[in-house]
Protein chains: 2
Amino acid sequence: MMTQISKHLKKTQKGEDRGCCGIPGIPDSRFLKAVSDSTRLRILAHLVEAQEPQIVSEIAKNFPIDVSVVSRHLAILRNEGILLAEKQGKEVYYSVRYEFLSSIFRGFASAIESCCPPKERK
Amino acid sequence: MMTQISKHLKKTQKGEDRGCCGIPGIPDSRFLKAVSDSTRLRILAHLVEAQEPQIVSEIAKNFPIDVSVVSRHLAILRNEGILLAEKQGKEVYYSVRYEFLSSIFRGFASAIESCCPPKERK
DNA sequence: ATAATAGTTGCATGATGACACAAATAAGCA
DNA sequence: TGCTTATTTGTGTCATCATGCAACTATTAT
């Protein structure tokens, strides 16, 4: 059974997962969760490889899941700024925000390195 | 035993979550899942800030969760090669594998950028 | 207006995962 | 030998989330 302690440390209020720590350059967990799902990662990789904006139904053809699920995944990536969505008639074109994505991860790498103790060079 | 470095390449057999796509430089989802949990991210940030190896019970003092949970989180990060564990008597010292971590994220950034269409410069 | 197509959203379900607590392991000390 | 401390592991519970399917919205064509 859950104890009282865990109950109110649960902090299930919305958006609590944002902003993890004081170190600048470390992304929040929501952003990382967005790219850590294997299906979303494959969708992202597909869009990166495609080199051009693609519509939802076309993307979905490459995955053994329902279009609605793909749409949800795309929305998650879009909400984190990873993808850009542009509606054109009936279709919605999704594309990768390359510079944004790479800058986040490069910033993460730099944040880690900047704290790296000189002696730790293993 | 756990001072041996690469254990993180071990469970390649069962993990269909391993190796997401054909693009070199994109980490697999298990690695990203390891850093995408908010508690683990805070633990990692704590270790980065600490600038030196810390034992489990000391790390746990900074978080409102049970030591056992912290131990599990540390194991997950260790299994992904993010942390190094060194047993010294009763205690286990955990430290950040800075170069490994930053190289993964820098490689991710480069992988994204290398596929970036020239015109897409925002 | 009706129909058809593209995409999103509501809802139920099964899987995964974080957590607390207890028990087990391991190492040092009386 | 116990006894204490540090850490890991077993187990059950609760929350979150990926998924499928159905319903809904939006846009275009007949």
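Given the structure, is residue A:51 polar (S, T, N, Q) and on the phi > 0 side of the Ramachandran plot? First the steps, then the outcome.
Values: polar (S, T, N, Q): yes; on the phi > 0 side of the Ramachandran plot: yes.
Yes.
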Open item on the list: For the list (1) of a type outside the set (Ser, Thr, Tyr); (2) surrounded by 14 or more Cβ atoms within 10 Å (Cβ to Cβ); (3) farther than 30 Å from residue B:94 by Cβ, I need the number of the one condition that residue A:105 fails.
Closed with: (3)
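Given the criteria within 13 Å of DNA strand C (Cβ to nearest atom) and not polar (S, T, N, Q), does residue B:47 qualify? Steps first, answer last, please.
Numbers: within 13 Å of DNA strand C (Cβ to nearest atom): no; not polar (S, T, N, Q): yes.
Taking the combined requirement at face value, the residue does not satisfy it.
When you scan segment B:48-67, do you find a residue that is in a helix (DSSP H, G or I) and in contact with a Cys (Cβ under 8 Å, 6 or more places away or on another chain), even just one?
Let us first name the residues in segment B:48-67 that are in a helix (DSSP H, G or I), namely B:48-50, B:56-60, B:67.
Next, from what is left, pick out any that are in contact with a Cys (Cβ under 8 Å, 6 or more places away or on another chain): B:48-49.
Yes; the residues of segment B:48-67 include at least one that is in a helix (DSSP H, G or I) and in contact with a Cys (Cβ under 8 Å, 6 or more places away or on another chain).
Give A:29, A:71 a once-over and let me know the one that is over 14 Å from the mean Cα position of the chain (by Cα), modelled with pLDDT of 95 or more and either within 12 Å of DNA strand D (Cβ to nearest atom) or not small (Gly, Ala, Ser) (or both).
On the way: A:29 fails: over 14 Å from the mean Cα position of the chain (by Cα).
Within the list A:29, A:71, the selection yields A:71.
Return yes when residue A:92 is modelled with pLDDT of 95 or more, within 11 Å of DNA strand D (Cβ to nearest atom), more than 18 Å from the chain's Cα centre (by Cα) and more than 22 Å from residue B:29 (Cβ to Cβ) and no when it is not. Give the steps one after another, and end with the answer.
On the way: modelled with pLDDT of 95 or more: yes; within 11 Å of DNA strand D (Cβ to nearest atom): yes; more than 18 Å from the chain's Cα centre (by Cα): yes; more than 22 Å from residue B:29 (Cβ to Cβ): yes.
Yes, satisfied.
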- [ ] Determine, yes or no, whether residue A:38 is within 12 Å of DNA strand C (Cβ to nearest atom), at pLDDT 95 or above and facing chain B (nearest Cβ under 8 Å).
- [x] yes
Task: Positions within segment A:41-51 being in contact (Cβ under 8 Å) with a residue 12 or more places away in the chain and within 7 Å of chain B (Cβ to nearest Cβ), in sequence order - done: A:42, A:48
TODO: Look through segment B:74-89, keep the residues that are free of Cβ contacts under 8 Å to residues at least 60 places away in the same chain and over 22 Å from residue B:104 (Cα atoms), and return whichever of them is farthest from the chain's Cα centre (by Cα).
DONE: B:89
Task: Meets criteria (surrounded by fewer than 18 Cβ atoms within 10 Å (Cβ to Cβ), within 13 Å of DNA strand C (Cβ to nearest atom) and at the interface with another protein chain (Cβ under 9 Å from one of its Cβ atoms)) for residue B:55 - done: no
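Going through segment B:79-110 one residue at a time, which ones are more than 16 Å from DNA strand C (Cβ to nearest atom) and among the hydrophobic types (A, V, I, L, M, F, W, C)? Full working, then the answer.
The initial filter retains those residues of segment B:79-110 that are more than 16 Å from DNA strand C (Cβ to nearest atom), namely B:81, B:84, B:95-110.
Answer for segment B:79-110, where residues must be more than 16 Å from DNA strand C (Cβ to nearest atom) and among the hydrophobic types (A, V, I, L, M, F, W, C): B:84, B:96, B:100, B:101, B:104, B:105, B:108, B:109.
The values are calculated or read from the model by the stated rules, or taken from the named source; none is laboratory data. This one's a predicted model, so the numbers in the text were calculated from it and none came from an experiment. A quick note on method: Cβ atoms are made from the backbone with ideal geometry, for glycine too, and the neighbour counts reach across all protein chains shown.
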